[in-house]
1. Condition first: within 22 Å of G73 (Cα to Cα), open to solvent by less than 30 Å² (accessible area, probe 1.4 Å) and more than 15 Å from the chain's Cα centre (by Cα). Now tell me which residues in region 99-158 satisfy that.
2. From the list R60, R79, which one is among the basic types (K, R) and open to solvent by 40 Å² or more (accessible area, probe 1.4 Å)?
3. Go through region 60-77 and count every residue that is more than 15 Å from D42 (Cβ to Cβ) and at pLDDT below 75.
4. Would you be able to say whether some residue in region 40-58 is of a type in the set (G, A, S), at pLDDT below 85 and farther than 22 Å from Q151 by Cα?
5. I'd like the residue in region 82-91 that is in contact (Cβ under 8 Å) with a residue 60 or more places away in the chain and among the hydrophobic types (A, V, I, L, M, F, W, C) and, out of all such residues, is least open to solvent (accessible area, probe 1.4 Å).
Amino acid sequence: MPDDFKMVWDTDLMEGDLEVINGDFTHDAGLETAVLMSLFTDRRAEDDDELLDEEARDKRGWWGDLVSPEVEGDQIGSRLWLLSRAKTTEKALVRAKDYVKEALQWMVEDKVASSITVTTERMKDKPGWLGINIEIRKYNEEKLNLRYDVQWTEQFSG
């Protein structure tokens, strides 16, 4: 697998960015950049998804998904953006877990990983934050464990 430019997640800014050290881009030979792109790129909402702004009807998504001839229905990104203003209820945690699994499913389908396990949690020490834990098991049995903390716009619902 060729190296990618390495992206890193900045929890304070709530965004990913390319990593530069001493004026040079760093590289990622693993899957961290692919996971960041998969989770934090907005996937197009489904027809039955509740949108953030009902008046705008913005389903977001990457325009290339509409014209990609390679795999019918293939989409990039996740629907985590739909939860940015949701209260941190158990239902929202289940949806977040489902959205993360959906976004990373391509890794199993493309045989990059043999399995992916996802857990989500309300962060007790940071009310209003969602914790996402991901374990990616590669075919050589090597495991990659990743953690992302995401701030919810809506207030914590205790």
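The values are calculated or read from the model by the stated rules, or taken from the named source; none is laboratory data. Computed from a predicted model, the values in this text were never measured in an experiment. Methodologically, a virtual Cβ is constructed for each residue, glycine included, from the backbone with ideal geometry; neighbour enumeration extends over all protein chains shown. Surface accessibility is based on the protein's heavy atoms, side chains included, excluding ligands, DNA and RNA. Shrake-Rupley method; radii C 1.70, N 1.55, O 1.52, S 1.80 Å.
1. Within region 99-158, just A113 meets the criteria.
2. Working: R79 fails: open to solvent by 40 Å² or more (accessible area, probe 1.4 Å).
Residue meeting the stated conditions: R60.
3. Keep residues of region 60-77 that are more than 15 Å from D42 (Cβ to Cβ), which gives 67-74.
Subsequent filtering for residues that are at pLDDT below 75 retains 67-73.
Adding up the residues that qualify gives 7.
4. Yes: one or more hits.
5. L83
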